[in-house]
1. Which residues, taken from the stretch 189-203, are polar (S, T, N, Q) and away from ligand 2 (no atom under 14 Å from the Cβ)?
2. From 485, 468, 525, grab the single residue that is in contact (Cβ under 8 Å) with a residue 40 or more places away in the chain, surrounded by fewer than 24 Cβ atoms within 10 Å (Cβ to Cβ) and among the aliphatic types (A, V, I, L, M).
3. Considering only residues of the stretch 254-268 that are part of a helix (DSSP H, G or I) and touching a Lys or Arg at 6+ places or on another chain (Cβ under 8 Å), which is most open to solvent (accessible area, probe 1.4 Å)?
4. Working only within the stretch 38-52, note down all residues that are under 14 Å from residue 440 (Cβ atoms), in a strand (DSSP E or B) and under 24 Å from the mean Cα position of the chain (by Cα).
5. If you scan the stretch 551-563, which residues turn out to be closer than 20 Å to residue 186 by Cβ and either of a type in the set (Phe, Trp, Tyr) or open to solvent by less than 20 Å² (accessible area, probe 1.4 Å) (or both)?
6. All but one of (1) under 30 Å from residue 215 (Cβ atoms); (2) under 25 Å from the mean Cα position of the chain (by Cα); (3) open to solvent by less than 50 Å² (accessible area, probe 1.4 Å) hold for residue 80; state the number of the condition that does not hold.
7. Of the numbered conditions (1) within 20 Å of residue 254 (Cα to Cα); (2) over 26 Å from the mean Cα position of the chain (by Cα); (3) touching a residue at least 60 places away in the same chain (Cβ under 8 Å), residue 186 satisfies every one except a single condition; which is it?
Amino acid sequence: MNTCKSIFSNVSTAALSAVVVSLCSAMAFAGPLMNQLGYAPEAEKQVVIPGNDANGLEVRDLNGKTVLKLAAPYVLEWEYSGEETQVFDISAVKTPGTYRLFRAGAYIGNPITVGKNVYEGVTKASLKWFYYQRASMPLVAPYADKWVRAAGHMDDKVIVYGTDKATGGKGAGKTIKSPRGWYDAGDYGKYIVNSGITVWTLLDLYEKFPKYADTLSWDIPREYAKLPLLLEEVRYNLDWMLTLQDKDGSVFHKVSTLKFCGSVMPEQDVAPRYAILKSVTAALDFAGVMAQASVVYAPFDKAYSSKLLKAAEAAYAWAKKNPEMFYKQPADVNTGSYVPGNEDGKDEFRFAAAELFNAKVASGANPTTDKATAAYLEDLKANPFTQNGAWWGDLNMLAVFRVANASKVFGDSLAGVAKKILLDEANSLRSIGDTSAYRLPMHPWNWNWGSNSAVANNGIVLLQAYLLTNDKSYLDGAQQCLDYLLGKNPMDITYVTGFGFRSPRSPHHRPSEADFVDDPVPGMLVGGPHLGKQDINLNGTDHWKCPNYAAADKPALAYLDDRCSYATNEVAINWNAPLAFLAGALQAIYNK
Ligand code: G3I
Ligand code: 9MR
C-alpha cells in the first residue's frame, strides 16, 4: 500500500485519494514476500511470490555465491487475496548470514537474514510497548526515548456510573480510586475483559519460558526489584484490576469516559471517568487471571500471591450467584463494550474454574479434604471443553492449555481430553497452513476485526502443541504465523510498527497521532485486514471515516495504514500479548 501510494503521491483531493485507496486496495505486491526480520538457522523458511512464472529461484550470499537453486514450484490460488502464488522453501539455507534472491538473473525483493537472534528485538519491543500504554504516570527519559509524555488519567476520582445522575452527570457521585493499568488500545479506556486474556497470555509466556524471559531486558522504571522484569510490567495492570473489585466480590466491567475522546494526548483528555457496571464476564476473567497470577508471583511475593488468590475466589463466588449478569452498554456510553455476539459465560466459567483449581492445589489445598477446592474441579468437569480458538470473547482454549499441561493436578482423564482437543485444533491449523497459497494457518472465520491477533493466537495453539509433543511440524506452523505478521502477506508489510522494511506509519493510536513525533510508538501490532468495513465512509456523510480500502472485496487486502482505520489499523493490548508470546517463544526455542 505504501509503495502504491507513492506511485500516486501527487494526489491532492479527497475524492482522488479515495480512488487511489480503492485502486491500491485492489493491488497486492509482486513479492517475494517473506519474514522481513529473517529466520533462525533451523527454522522453516518459506518465500511466497505472487504470480505464475516458470523461472526458478536462486539464493546467493553477499559475495554473489549461489547457495541454493530451486525450480519453479506448482501454482496455488489464495481465495483471501484472489492471487496465484508460488511458494519456495529455502529452509536448506542455514548458515547465519544475509542472502539475496534472484529470478531469471535479476535481484528481487529484500535481503533475507538468517541468524540466532532475529526475533529478540521485536519480542522486547512488543513487551516494552505495555510501558507506553501505562495510565496515571508520565513516560520519561530514558525509558520512553522520544515518546515521552505527561501523565494522564490519574483515575483517583472515578465516578461509579449511575451515582451522579441526580446531579445531571456533574461528577458529584460516589467515586473510587482506580489508578494505573494499561490503556486498552488506541483509546484511553481500561477494560477488565480485555485485560484478562492479555495478562493470561503474558503470564503464560513467563510460565513456559521463565529462563528466556529473564534474559530479556528493556528499560522501564522499577518498583519491585525482586520481580522479574515481565512480572513487574504485568503487576502494573494487575494492581489496577484489583481496584475494580467491590466488597461483595463483584468486578466493574471497565473504566472510561462516557464517549471516546478525540485524537488528543492522555493529559488532554479531562472528561469525567466512570467505573461502568458490574458483569459476570469481568468477574470470571478477573478470577481466572488472579488465580493464575497467584501461582506465578508466589515464588517472589507470598503475601501478594495470597491476596490475588483471595480476590479470585471472591470474584468466582460472586459470579456463581450472578451467572446472567452480562454487561449491557448504557445508552449514553459509546466506549468499548467487549460483549461478543453469543455470550453465555460458559467459556469464562471454564477458564476461571481451571485456573482456580490449579491455584488452590498449588497453594497446598487438598481437594480430597477441601470441599471448596474440589468444587472448582466439579464445575470444570460439568462444563465440557470446546475446540474454539482463544480471543477476548472466548477463553475456552486457555483452559484447554492449562489442563492439557497438568495431568498431575487435573488427573489423566481430564488432561487427556484437553490434550486431544488441543491437538485436534493444532492439526486442523497445520493442515490449513501447509496447503494454503500463503502457508498461513488461518480459519475462514478468523478474518475479523483484529485478524492479526487471530493469526498470533493460532500460532500459540501450534506452539502449545509443539511443547506437548515435540513434533516440529507444529513449530513450523507457528513460524508460518509469525512470518505472515512480519511480512509474508499480500500487503508486503510487517504489521508491527518500527520493524521490517515497511511497517505501519499511521496507526489508530491517540498518543502516536497527537504527539509531535513522526514515528509511531514502536512495537505495536496493528489489527490487520478484514471486510468488516466498520470505519469506511460508505454513505458519504461520515467524513472522519476512511475511503473504501475494501473495494477488492478480499479480506487479506482490506487494510489501510491510516489513523482513520480503527477497524484494521488500531493497536490493542490483547493483540500485542500473543505477538510477544509467538516471537518470544520461537526465539526461546531456537536459541536453546
Ligand atoms: O463473532 C462475530 C462472528 O460470529 C461474525 O461472523 C462476525 C462477522 O459479522 O462478527 C463477529 O463479531 C465481531 C467481534 O469483534 C468478534 O470478532 C464484530 O463484528 C466486531 O465488530 C467486533 O469488533 C470488536 C470491536 O472492538 C468493536 O466492538 C473487536 O473484536 C475488539 O477488539 C474491538 O475492541 C476495541 C475496544 O472496544 C475499544 N478499544 C479499542 C479496541 C480495539 O479496536
Ligand atoms: O478510537 C476508538 C477506537 O478505540 C474504537 O475501537 C472505535 C470503535 O469503537 O472507535 C474509535 O473512536 C471513534 C468513534 O467510535 C467515532 N468517532 C471517531 C472516533 C475516533 O476514530
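The values are calculated or read from the model by the stated rules, or taken from the named source; none is laboratory data. Quick caveat: nothing in here was measured; it's all calculated off a predicted structure. Ideal geometry is used to build each Cβ from the backbone, glycine not excepted, and the neighbour counts take in all protein chains shown. For accessibility, only protein heavy atoms count, side chains too; no ligands or nucleic acids. Shrake-Rupley method; radii C 1.70, N 1.55, O 1.52, S 1.80 Å.
1. 195, 198, 201 - these are the residues of the stretch 189-203 that are polar (S, T, N, Q) and away from ligand 2 (no atom under 14 Å from the Cβ).
2. From the options 485, 468, 525, the qualifying one is 468.
3. The residue in question is 267.
4. 46
5. 558, 559, 560, 561
6. Answer for residue 80: the failing condition is (1).
7. For residue 186, the exception is condition (2).
Results for (1) among the aromatic types (Phe, Trp, Tyr); (2) out of contact with any Pro (no Cβ under 6 Å at 6 or more places or on another chain); (3) modelled with pLDDT under 95; (4) not in a loop (DSSP other than H, G, I, E, B), shown as yes or no for each residue.
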residue: 424; (1), (2), (3), (4): no, yes, no, yes
residue: 431; (1), (2), (3), (4): no, yes, no, yes
residue: 457; (1), (2), (3), (4): no, no, no, yes
residue: 463; (1), (2), (3), (4): no, yes, no, yes
residue: 491; (1), (2), (3), (4): no, yes, no, no
residue: 534; (1), (2), (3), (4): no, yes, no, no
